[in-house]
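The values are calculated or read from the model by the stated rules, or taken from the named source; none is laboratory data. These figures come from a predicted structure and were not determined experimentally. Neighbour counts run over all protein chains shown; Cβ positions are idealised from the backbone, glycine included.
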Amino acid sequence: MKCYQIVFSPTGGTERVARAITQNWSQVDTIDLSAPDTKYAEICFESEALVMIAMPSFGGVAPQLALNRLAMIKGNGAKCVIAAVYGNRAYEDTLAQMEDYAQNAGFQVIAAISAVAEHSIIHEYAAGRPNLDDCKELAEFGNRILEKATSSKLSKPSVPGNRPYKKAGTGMVPKADSSCTSCGLCAQKCPAGAISANTPGTTDKSKCISCMRCVSICPVQARKVSSLMTTIAAAAIKKACSVEKANELFI
Ligand SMILES: Cc1cc2nc3c(=O)[nH]c(=O)nc-3n(C[C@H](O)[C@H](O)[C@H](O)COP(=O)(O)O)c2cc1C
Ligand code: SF4
Ligand code: SF4
């Protein structure tokens with residue numbers, strides 16, 4: 001069976017989770033949902049394929065940019081597993097939203113996973129996750145999904161989340177400080193096209209989705225979000241993040 005993973009991973013946590021889930025699947029091709037120039041509408045899967053769709057949770061919902069790109073892809077009846085990756089606070093309606101978008105794109109959802117990865121803004125939460133134990137567990141989830149995909153029992157999983165979905169909040173917009181060397185890397189890699197190649201020090205607030213990729217990839221750590229806002233956000237979710245959350249499989 002041909003296998004694929006469709007991944008939106010601005011800072012790499014979702015990608016690590018996706019890789020762990022599919023590590024025992026054969027011939028896994030990756031579609032990167034963070035690439036602005038990909039012609040998503042031209043992607044159509046074989047109906048026999050198994051596809052894993054993985055996205056992070058931003059404010060308890062999936063990033064709308066990633067959902068919009070997923071909506072252009074043709075699932076063509078392919079079996080799929082949806083994975084919501086979150087920073088140990090909560091993933092709330094992320095899976096429900098991913099389930100709806102995957103189904104509308106023509107995928108047959110056969111399993112869902114929630115998994116924890118290091119918080120991409122407040123790194124002290126879920127630091128180092130997915131760790132070795134997580135990766136082992138996620139690989140076992142992947143094995144069970146593979147088993148289901150090759151069986152004749154393709155029941156629909158019970159996926160948690162509410163409809164209507166939680167409203168997406170507004171995020172923090174990073175800016176570059178004077179140490180920026182104008183190398184252009186952040187402009188090249190921004191999933192939302194929010195940074196101009198000519199003036200990489202500034203950010204188009206109307207396009208930025210606060211994904212933190214530019215902050216994580218800048219070679220001289222020039223791009224930052226407000227430290228005051230980060231401290232306030234960290235305090236606001238401290239209680240919710242204090243208990244280590246488990247990865248979950250819905251099958
Ligand atoms: C804008 C934004 C909002 C986030 N909201 C949540 C949230 O509501 N709950 C949570 O547990 N983690 C939240 N996180 C943490 C991410 O879901 C988590 O770090 C994820 O692994 C990021 O994926 P990536 O490393 O593939 O970019 C948020 C991160 C960002 C950047
Ligand atoms: S990656 Fe960093 S140094 Fe390079 S242009 Fe962006 S902010 Fe400046
Ligand atoms: S400018 Fe905004 S959308 Fe672009 S990489 Fe930075 S945080 Fe993400």
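Looking at (1) outside any loop (DSSP other than H, G, I, E, B); (2) among the small types (Gly, Ala, Ser); (3) within 30 Å of residue 230 (Cα to Cα), can you tell me which one residue 161 breaks?
If we test residue 161 against (1) outside any loop (DSSP other than H, G, I, E, B); (2) among the small types (Gly, Ala, Ser); (3) within 30 Å of residue 230 (Cα to Cα), just (1) comes out false.
Go through region 150-192 residue by residue and tally those that are of a type in the set (Gly, Ala, Ser), under 21 Å from the mean Cα position of the chain (by Cα) and over 26 Å from residue 32 (Cβ atoms). Break it down stepwise before answering.
Filtering region 150-192 for residues of a type in the set (Gly, Ala, Ser) gives 151-152, 155, 158, 161, 168-169, 171, 176, 178-179, 182, 184, 187, 192.
Retained after the next criterion (residues that are under 21 Å from the mean Cα position of the chain (by Cα)): 158, 161, 168-169, 171, 187, 192.
Checking the rest, the ones that are also over 26 Å from residue 32 (Cβ atoms) come to 158.
Qualifying residue count for the region: 1.
Does residue 69 satisfy being within 16 Å of ligand 3 (Cβ to nearest atom) and either among the charged types (D, E, K, R) or outside the structural domain of residue 28 (by TED's automatic domain parsing) (or both)? Let's see the steps before the verdict.
Numbers: within 16 Å of ligand 3 (Cβ to nearest atom): yes; either among the charged types (D, E, K, R) or outside the structural domain of residue 28 (by TED's automatic domain parsing) (or both): yes.
The answer is yes for residue 69.
Could you grab me the full set of residues in region 155-185 that are within 17 Å of residue 120 (Cβ to Cβ), out of contact with any Ser or Thr (no Cβ under 9 Å at 6 or more places or on another chain) and surrounded by 13 or more Cβ atoms within 10 Å (Cβ to Cβ)?
Correct list: 168 only.
Would you check if residue 190 is in contact (Cβ under 8 Å) with a residue 12 or more places away in the chain and within 11 Å of ligand 3 (Cβ to nearest atom)?
Working: in contact (Cβ under 8 Å) with a residue 12 or more places away in the chain: yes; within 11 Å of ligand 3 (Cβ to nearest atom): yes.
So residue 190 fits the description; yes.
Quick one: which of 7, 81, 109, 17 is crowded, with 20+ Cβ neighbours inside 10 Å, within 25 Å of residue 237 (Cα to Cα) and in contact (Cβ under 8 Å) with a residue 24 or more places away in the chain? Even if it seems obvious, please write down each step before you answer.
Numbers: 7 fails: within 25 Å of residue 237 (Cα to Cα); 81 fails: within 25 Å of residue 237 (Cα to Cα); 109 fails: within 25 Å of residue 237 (Cα to Cα).
After applying the criteria, what remains is 17.
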